[in-house]
Amino acid sequence: MARREIFPMTLADRPPASLRLSLDKPALVANWRALDKMSGSAQTGAAIKADAYGLGVEHVLPSLREAGCKHFFVAHWAEVPTVLEHVPAAMVSVLHGIANEADAAFARASGAIPVINSVKQASTWQQSGGGRCHLMVDTGINRLGISPDQAGAEVISGLEVDLLMSHLACADEDVPQNSQQLHAFCEVSEVIAHRQLSLANSAGIALGQDFAFDLTRPGLALYGGIPRPELEGIIRQVAYPEAAVLQIRELQPGDTVGYNARFTAEKPMRVATVSIGYADGFLRARGAACALQHEGHDLPVMGQVSMDMIVVDCSANANLKEGDFLSVLFDLPRESQRSGLSQYELLTTIGSRFEIRS
Ligand SMILES: *Cc1c(COP(=O)(O)O)cnc(C)c1O
């Protein structure tokens with residue numbers, strides 16, 4: 001980015017960040033295309049809720065739109081305005097639907113499409129004037145959605161349903177519930193008038209084309225997550241975090257590191273304090289047995305993760321200096337396995353202090 005040389009500076013002229021997130025946009029687009037191909041004749045949308053799973057709607061959405069994606073899913077109405085900077089409202093669906101009149105008014109003003117999730121939501125939407133909407137049917141996840149036996153309710157038959165949707169609870173596992181939900185969805189689709197059908201998330205796409213219907217809704221796999229083995233070797237890593245060294249310090253035997261003095265040096269050590277902490281998604285669960293990387297060296301994390309910092313052992317790398325950037329491993333399946341955090345949690349906790357580069 002060009003930096004202005006003249007004074008006075010404005011507050012927009014921020015100094016370079018000590019946290020960077022490199023986004024591999026070609027990998028993002030390749031992931032969407034691969035999922036689109038696996039979706040067969042179905043169209044492929046994109047879940048971009050939670051600021052595109054932490055990666056930033058403004059960075060992710062234009063690439064997906066250019067690739068040909070026409071259906072974008074968020075959870076909250078508050079997420080809509082940012083999305084509308086990039087695509088027309090008719091391409092945007094709001095998964096939480098219409099909780100009250102204020103939501104209905106906002107839906108009308110914005111033009112984004114609500115996903116109706118209950119008979120009550122259907123009434124609120126109809127009372128506010130009705131019109132195009134989507135309808136979620138619960139086929140077994142028991143979260144949001146009308147139950148199949150409410151399909152015949154008068155207010156439901158009065159809806160102008162574009163997408164009839166359901167959501168898989170266990171698509172990342174091989175369990176009978178997947179085919180049970182598929183079956184229940186097919187049955188209800190015969191009772192409720194609709195334009196199109198949509199069932200599969202990322203893992204659902206990997207279950208095969210029986211699950212694809214007219215539109216698939218991947219999120220996780222777009223961003224490099226691999227929920228099922230079928231996607232290994234197909235889905236590429238998208239996000240590469242890096243954090244700067246703030247200070248290099250020398251420890252003497254007996255010195256301890258960090259909150260609660262959880263690490264004690266047994267020998268003289270060279271350590272680096274690094275600008276990433278749990279506020280940046282580097283949760284304490286990731287600290288144990290984790291290493292950052294620099295020029296091929298592993299730099300193990302020492303002691304507890306703080307809010308804004310960690311300390312790493314850089315004895316192995318005498319060249320490391322203050323200001324150098326260290327790579328934070330972010331192969332999602334591997335880091336999930338190592339930390340016990342889900343791939344979704346690793347992405348969505350990323351935080352807002354990274355300078356996103358692409
Ligand atoms: C989040 C979400 C998706 C995307 O799921 P992934 O597992 O991230 O692919 C699709 N549909 C609904 C209803 C969702 O809530």
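Name the residue, out of ILE141, ILE192, ILE205, that is in the same structural domain as SER110 (by TED's automatic domain parsing), within 10 Å of the ligand (Cβ to nearest atom), in a loop (DSSP other than H, G, I, E, B) and among the β-branched types (Val, Ile, Thr). Step through it out loud before you land on a result.
Values: ILE192 fails: within 10 Å of the ligand (Cβ to nearest atom); ILE205 fails: in a loop (DSSP other than H, G, I, E, B).
Unique residue meeting the criteria: ILE141.
For segment 105-132, enumerate the residues that are open to solvent by 40 Å² or more (accessible area, probe 1.4 Å), touching a strand residue (DSSP E or B) at 6+ places or on another chain (Cβ under 7 Å) and part of a helix (DSSP H, G or I).
Within segment 105-132, just VAL119 meets the criteria.
From (1) without any contact (Cβ under 8 Å) to a residue 24 or more places away in the chain; (2) within 16 Å of the ligand (Cβ to nearest atom); (3) not in a loop (DSSP other than H, G, I, E, B), pick out the condition that doesn't hold for CYS186.
Of the numbered conditions (1) without any contact (Cβ under 8 Å) to a residue 24 or more places away in the chain; (2) within 16 Å of the ligand (Cβ to nearest atom); (3) not in a loop (DSSP other than H, G, I, E, B), the odd one out for CYS186 is (2).
Are any of the residues in segment 189-205 at pLDDT 95 or above, under 13 Å from THR139 (Cα atoms) and exposed (fewer than 15 other Cβ atoms within 10 Å of the Cβ)? Can you show your working first?
Within segment 189-205, the subset at pLDDT 95 or above is 189-205.
Now narrow it down to the ones that are under 13 Å from THR139 (Cα atoms): 189, 198-200.
Now narrow it down to the ones that are exposed (fewer than 15 other Cβ atoms within 10 Å of the Cβ): none.
No, every residue in segment 189-205 fails to be at pLDDT 95 or above, under 13 Å from THR139 (Cα atoms) and exposed (fewer than 15 other Cβ atoms within 10 Å of the Cβ).
On the given criteria, is ALA27 buried (at least 17 other Cβ atoms within 10 Å of the Cβ), closer than 30 Å to PHE325 by Cα and outside the structural domain of ASP214 (by TED's automatic domain parsing)?
Details: buried (at least 17 other Cβ atoms within 10 Å of the Cβ): yes; closer than 30 Å to PHE325 by Cα: yes; outside the structural domain of ASP214 (by TED's automatic domain parsing): yes.
Answer is yes for this residue.
Of the residues GLY56, GLY45, only one is closer than 23 Å to ILE350 by Cβ, away from the ligand (no atom under 12 Å from the Cβ) and in the same structural domain as HIS96 (by TED's automatic domain parsing); which? Spell out the reasoning first.
Numbers: GLY45 fails: away from the ligand (no atom under 12 Å from the Cβ).
One residue alone meets the criteria, GLY56.
Mind checking which residues of segment 144-178 are within 13 Å of the ligand (Cβ to nearest atom) and either at pLDDT below 95 or touching an Asp or Glu at 6+ places or on another chain (Cβ under 9 Å) (or both)? Show your work before the answer.
The initial filter retains those residues of segment 144-178 that are within 13 Å of the ligand (Cβ to nearest atom), namely 144-145, 163-173.
Across segment 144-178, the qualifying residues are LEU144, GLY145, LEU163, SER166, HIS167.
If we scan segment 210-217, do we find a residue that is in a loop (DSSP other than H, G, I, E, B), in contact with a strand residue (DSSP E or B) (Cβ under 6 Å, 6 or more places away or on another chain), at pLDDT 95 or above and away from the ligand (no atom under 16 Å from the Cβ)? I'd like the intermediate steps shown before the answer.
To start, the set of residues in segment 210-217 that are in a loop (DSSP other than H, G, I, E, B) comprises 212-214, 217.
Subset that is in contact with a strand residue (DSSP E or B) (Cβ under 6 Å, 6 or more places away or on another chain): 213-214, 217.
The next check asks that each one be at pLDDT 95 or above; those that pass are 213-214, 217.
From the residues that got through so far, the ones that are away from the ligand (no atom under 16 Å from the Cβ) too are none.
Taking every residue of segment 210-217 in turn, none turns out to be in a loop (DSSP other than H, G, I, E, B), in contact with a strand residue (DSSP E or B) (Cβ under 6 Å, 6 or more places away or on another chain), at pLDDT 95 or above and away from the ligand (no atom under 16 Å from the Cβ).
Which residue out of LEU347, LEU329 is within 16 Å of the ligand (Cβ to nearest atom), within 30 Å of LEU222 (Cβ to Cβ) and at pLDDT 95 or above? Explain how you work it out, then say what you get.
Working: LEU329 fails: within 16 Å of the ligand (Cβ to nearest atom).
Selected residue: LEU347, the only one of LEU347, LEU329 that is within 16 Å of the ligand (Cβ to nearest atom), within 30 Å of LEU222 (Cβ to Cβ) and at pLDDT 95 or above.
For segment 289-298, state whether one or more residues are under 18 Å from ASP331 (Cα atoms), in a loop (DSSP other than H, G, I, E, B) and open to solvent by less than 10 Å² (accessible area, probe 1.4 Å).
Yes: segment 289-298 contains one or more residues that are under 18 Å from ASP331 (Cα atoms), in a loop (DSSP other than H, G, I, E, B) and open to solvent by less than 10 Å² (accessible area, probe 1.4 Å).
Anything in segment 325-348 that is part of a loop (DSSP other than H, G, I, E, B) and either surrounded by fewer than 18 Cβ atoms within 10 Å (Cβ to Cβ) or without any contact (Cβ under 8 Å) to a residue 24 or more places away in the chain (or both)? List them, or say none.
In the first step, residues of segment 325-348 are kept if they are part of a loop (DSSP other than H, G, I, E, B); the result is 328-331, 340-342.
Of everything in segment 325-348, those that are part of a loop (DSSP other than H, G, I, E, B) and either surrounded by fewer than 18 Cβ atoms within 10 Å (Cβ to Cβ) or without any contact (Cβ under 8 Å) to a residue 24 or more places away in the chain (or both) turn out to be LEU329, ASP331, GLY340, SER342.
Conditions: (1) under 21 Å from ALA47 (Cα atoms); (2) away from the ligand (no atom under 16 Å from the Cβ); (3) open to solvent by less than 70 Å² (accessible area, probe 1.4 Å). GLY254 meets all but one. Number of the miss?
All conditions are met except number (1).
Has segment 239-246 got any residue that is within 16 Å of the ligand (Cβ to nearest atom), crowded, with 20+ Cβ neighbours inside 10 Å and in contact (Cβ under 8 Å) with a residue 40 or more places away in the chain?
Taking segment 239-246 first, the residues within 16 Å of the ligand (Cβ to nearest atom) are 239.
Those still in the list that are crowded, with 20+ Cβ neighbours inside 10 Å too: 239.
If we keep only those that are in contact (Cβ under 8 Å) with a residue 40 or more places away in the chain as well, we get 239.
Yes, segment 239-246 contains a residue that is within 16 Å of the ligand (Cβ to nearest atom), crowded, with 20+ Cβ neighbours inside 10 Å and in contact (Cβ under 8 Å) with a residue 40 or more places away in the chain.
Out of the residues in segment 308-324 that are touching a Pro at 6+ places or on another chain (Cβ under 9 Å) and modelled with pLDDT of 95 or more, state the one that is least open to solvent (accessible area, probe 1.4 Å).
Ranking the qualifying residues of segment 308-324, first place goes to VAL312.
List pairs: first residue in segment 83-99 and under 17 Å from PRO218 (Cα atoms) and within 15 Å of the ligand (Cβ to nearest atom), second residue part of a helix (DSSP H, G or I) and among the charged types (D, E, K, R) anywhere in the structure, Cβ distance under 7 angstrom, at least six positions apart or on different chains.
Partner pairs satisfying both residue conditions: LEU95/LYS49.
The values are calculated or read from the model by the stated rules, or taken from the named source; none is laboratory data. As the structure is a computational prediction, the values presented were derived from the model and not from experiment. Ideal geometry is used to build each Cβ from the backbone, glycine not excepted, and the neighbour counts take in all protein chains shown. We work out accessible area using only protein heavy atoms, side chains counted, and drop any ligands, DNA or RNA first. Shrake-Rupley method; radii C 1.70, N 1.55, O 1.52, S 1.80 Å.
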